């Protein structure tokens, strides 16, 4: 399975429980190893990403996006999948988050209080939803590569999409939040037949 096929599954909105073992295995191998070192995000950009994903999927009864290391998943996407212009647009979007935070709260987003962070993200989400509802349909969208569809839209739409996909294809998101098994249910051996249970073709 290729990355573009993986992106096709993501952009098609396939429910995670319906993923084939092959597809889920591919998602899992796309998550970074324990000793992963950031390759695109600098420390400040990473702090902004961590603060944002922690607001989008916070820790509740189960670990959130921060514990699932979704920031590192996003770094992998930016490094290995994104085109140069997409990477620049994403990083410019992060810088704009800090700009908005400074205008509203006179501090960087990662230094703002949780309540301030949440209020800014909600405003960005509402603006992204409005932009999406008023944007005319692109006649050539069906001709776009799936990779381009994944990173298409406003910065916050892209960010939220990557956060959700990164979390729910992580081991934490899949096994603890969705309470699903990474490996399909066990293969059970022969069991005694009950009374009256004959062969299916008998």
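Only one entry in 37, 47, 68, 51 is exposed (fewer than 12 other Cβ atoms within 10 Å of the Cβ), within 27 Å of residue 117 (Cα to Cα) and modelled with pLDDT of 90 or more, namely 37. Given the condition farther than 18 Å from residue 164 by Cα, under 19 Å from the mean Cα position of the chain (by Cα) and part of a helix (DSSP H, G or I), answer yes or no: does some residue in the range 33-42 qualify? Within the range 33-42, none of the residues are farther than 18 Å from residue 164 by Cα, under 19 Å from the mean Cα position of the chain (by Cα) and part of a helix (DSSP H, G or I).
The values are calculated or read from the model by the stated rules, or taken from the named source; none is laboratory data. Just so we're clear, the structure is a prediction, and the values are computed from it rather than from any experiment. Using ideal geometry, Cβ is built from the backbone for each residue, glycine included, and neighbour counts are taken over all protein chains shown.
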